[in-house]
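*Asks:* First the structure, then my questions, so here it is.
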Amino acid sequence: MVVDLGCGSGLWAQELSKAHYHVLGVDISEALIAIARTRVPDAEFRIESLFKTDIPQCKAVTSIGECLNYLFDPDNNWQTLTQLFLRVYSALTPGGVFIFDIAEPGQVLPEKVTKGFSQGEDWVVLVEKEENRNLQTLTRRITSFRKIGKYYRRDDEIHCLQLYKSTDIARELCRVGFQVSRMSSYRSYHLPKAHTAFVANKII
């Protein structure tokens, strides 16, 4: 079994299912879980906080795409994060692996707001980012326009992230008992600036 924490709409769960893994996906969003259940009918999904859910015995736990940073979940704080590491370690079978990535401080210059955009044939996404160095938080405002018929539909989102230093994360994982490797990419996919991926192995 692979447990995917912060599974969202099930894109990663779908790939795991194609590779013939039994998947348990956990996400706090009822709407995203509804999409995931349609996308991956063979997988199991729960609408719960990833910081509080019961993690069954498994060979791997994943959390891809800054899931451990998001403050959508009111249970997200340093204490619950470190407790999560302990629970993941306990749930993994010997030789099991915990793979995840985090956003770190330093994405935006102090007292600056960065703006950027991406566009395709019938869509545009505008992104504005601002970082609070004192609180180590990032606020990301996203405005998207998608063409539907002759008109464009607008959607607005605000993402609030608690930023963590990779050195602090690595130290805590080692304290729990993991053997830890840090990466700046998932093979050919390079993570954005001030992001780190972790592969934490349970050796015992």
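The values are calculated or read from the model by the stated rules, or taken from the named source; none is laboratory data. Predicted model, so just to flag it, every value in this text is computed and none were measured. Cβ placement follows ideal geometry from the backbone for every residue including glycine, while neighbour counts extend to all protein chains displayed. Protein only, heavy atoms only, side chains kept; ligands, DNA and RNA dropped before computing areas. Shrake-Rupley method; radii C 1.70, N 1.55, O 1.52, S 1.80 Å.
*Asks:* Suppose the filter is modelled with pLDDT under 95, farther than 12 Å from residue 51 by Cβ and surrounded by 14 or more Cβ atoms within 10 Å (Cβ to Cβ); does residue 119 pass it?
*Replies:* It is false that residue 119 is modelled with pLDDT under 95, farther than 12 Å from residue 51 by Cβ and surrounded by 14 or more Cβ atoms within 10 Å (Cβ to Cβ).
*Asks:* Being open to solvent by 20 Å² or more (accessible area, probe 1.4 Å), out of contact with any Phe, Trp or Tyr (no Cβ under 6 Å at 6 or more places or on another chain) and within 23 Å of residue 196 (Cα to Cα) is the filter here, so list the residues in region 47-65 that pass it.
*Replies:* 59, 65
*Asks:* Could you list all residues from region 181-204 that are more than 16 Å from residue 66 (Cβ to Cβ) and either crowded, with 17+ Cβ neighbours inside 10 Å or not hydrophobic (A, V, I, L, M, F, W, C) (or both)?
*Replies:* Those that are more than 16 Å from residue 66 (Cβ to Cβ) and either crowded, with 17+ Cβ neighbours inside 10 Å or not hydrophobic (A, V, I, L, M, F, W, C) (or both): 181, 187, 188, 200, 201, 202.
*Asks:* Considering only residues that are of a type outside the set (Lys, Arg), in a helix (DSSP H, G or I) and touching a Phe, Trp or Tyr at 6+ places or on another chain (Cβ under 9 Å), which ones fall in region 163-190?
*Replies:* Residues satisfying the conditions are 166, 168, 169, 170, 172, 173, 176.
*Asks:* If a residue must be part of a loop (DSSP other than H, G, I, E, B) and either touching a helix residue (DSSP H, G or I) at 6+ places or on another chain (Cβ under 8 Å) or modelled with pLDDT under 95 (or both), how many such residues does region 30-48 contain?
*Replies:* 3
*Asks:* Let me ask something else. Cβ contacts < 7 Å: first residue touching a residue at least 40 places away in the same chain (Cβ under 8 Å), restricted to region 101-113; second residue outside any loop (DSSP other than H, G, I, E, B) and among the small types (Gly, Ala, Ser), any location; separation 6+ or different chain. Result?
*Replies:* Close Cβ pairs (under 7 Å, with a partner that is outside any loop (DSSP other than H, G, I, E, B) and among the small types (Gly, Ala, Ser)) amount to 101/197; 102/166; 104/166.
Conditions tested, residue by residue: (1) within 12 Å of the chain's Cα centre (by Cα); (2) of a type in the set (Ser, Thr, Tyr); (3) open to solvent by less than 40 Å² (accessible area, probe 1.4 Å); (4) under 24 Å from residue 194 (Cβ atoms).
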{"residue": "32", "(1), (2), (3), (4)": "no, no, no, no"}
{"residue": "71", "(1), (2), (3), (4)": "yes, no, no, yes"}
{"residue": "78", "(1), (2), (3), (4)": "no, no, no, yes"}
{"residue": "81", "(1), (2), (3), (4)": "no, no, yes, yes"}
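*Asks:* State whether the residues of region 135-155 include one that is more than 27 Å from residue 89 (Cα to Cα) and acidic (Asp, Glu).
*Replies:* Taking every residue of region 135-155 in turn, at least one turns out to be more than 27 Å from residue 89 (Cα to Cα) and acidic (Asp, Glu).
*Asks:* Also, I was wondering about something else. Is it true that residue 99 is part of a strand (DSSP E or B) and surrounded by 15 or more Cβ atoms within 10 Å (Cβ to Cβ)?
*Replies:* yes
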